[in-house]
Amino acid sequence: MRRFQKLLNNCFLFKSGQSREKQKIKILQTRTIKATIVVKAPLPMVFTTFFKFDFLQIFNELWFVPNFKYLILAQHDFRPGQQHTIYFDNGATALVRLKTFLPELCFSSEVYNFVCHLSGLQSIEYVFCFSEDLPDDHRRVACEYHFKFRWRLRAFLFEIFVRGTIEKNLEKALEQRAKALRY
């Protein structure tokens, strides 16, 4: 479990050249949502199932996020650093980039460069880690979403109006993936 937590923490370290004050401000403007689920299936199957699922779908039911579309490639087509454009119905765009990809261990992505009314949102990073330290072929899947805002007011409004809905949508998405793994 410690290795698992260390891996999650290392994915979100600030740049070493930043002052403590800038790091504190960034922490104030970053909101994190975490979720964990335990599934019973072989690790390669668990990793592939969760990697192929579009976890940006948790934003589909939010009234202020316009519908969006983007190309989801096959697992073998992804390489860290690759990015794709997300197209919103209102003509706006954003970029999604695969940051890390360690098969059967973890993957992370970042959505950034929003050109739309979500301009207070600087980026969304999400990390999925997979552990096999549970007995009887059970696997733990832990995910973290980090919402980085340009302004503290936007982060505050996120806490009040949006956080609960995204947490529910994330839990529902994890449960859907877990059900798909039952064999």
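The values are calculated or read from the model by the stated rules, or taken from the named source; none is laboratory data. Nothing here was measured: the structure is a model prediction, and the numbers come from that model. Every residue, glycine among them, receives a Cβ derived from its backbone with ideal geometry; neighbour counts consider all protein chains shown. We work out accessible area using only protein heavy atoms, side chains counted, and drop any ligands, DNA or RNA first. Shrake-Rupley method; radii C 1.70, N 1.55, O 1.52, S 1.80 Å.
Express in Å², to the nearest 10, the accessible area of R177 obtained by rolling a 1.4 Å probe over the protein heavy atoms while all chains stay in place.
Ignoring ligands and nucleic acids, R177 comes out at about 50 Å².
How do K148, K52 rank by accessible surface area computed with a 1.4 Å probe, from largest to smallest?
K52, K148
I need the phi-derived Karplus couplings for the range 145-153: 6.51 cos²θ - 1.76 cosθ + 1.60, θ = phi - 60°, integer Hz, Gly and Pro marked x.
10, 10, 9, 10, 10, 6, 10, 4, 4
Rounded to the nearest 10 Å², what accessible area does F88 show when all protein chains are kept and the probe is 1.4 Å?
Result for F88: roughly 20 Å² accessible.
Rank these by accessible area, largest first, 1.4 Å probe: D133, D54.
D133, D54
Return the aspartates and glutamates within reach of K99: Cα separation strictly under 15 angstrom, same-chain partners fewer than 8 residues apart disregarded; answer none if there are no such residues.
K99 reaches D77, E110, E125, E144.
Going by a ≥ b ≥ c, the root eigenvalues of the Cα gyration tensor, does the range 81-179 fall in the rounded group (a/c under 1.5), the prolate group (a/b larger than b/c) or the oblate group?
Since a/c reaches 1.5 and a/b is larger than b/c, the shape of the range 81-179 is classed as prolate.
Please list, in chain and number order, the residues 5+ apart from Q122 or on another chain whose amide H is under 5 Å from its amide H, with Hs placed from the backbone.
Long-range HN contacts for Q122: K148, F149, R150.
Using only the Cα atoms of the range 112-158, build the gyration tensor, take square roots of its eigenvalues as a ≥ b ≥ c, and label the shape rounded, prolate or oblate: rounded if a/c is under 1.5, else prolate if a/b is larger than b/c, else oblate.
Judged from the Cα gyration tensor, the range 112-158 comes out prolate (a/c at least 1.5, a/b above b/c).
Could you derive backbone 3J(HN,Hα) for the range 31-40 from the dihedral phi with the Karplus parameters 6.51, -1.76 and 1.60 (θ = phi - 60°), listing whole Hz in sequence and x where the residue is Gly or Pro?
Working through the residues one at a time gives 10, 10, 10, 10, 8, 9, 9, 10, 10, 10 Hz.
For the pair T49 and R150, what calculated FRET efficiency results from E = 1/(1 + (r/R0)^6), where r is the Cβ-Cβ distance and R0 = 41 Å, to the nearest 0.05?
0.75
Local charge sum around I160 (other residues, Cβ-Cβ under 15 Å, Lys/Arg +1, Asp/Glu -1)?
+2
What's the local net charge at K40, with K and R +1, D and E -1, over the other residues with C-beta under 15 Å away?
Neighbourhood net charge equals 0.
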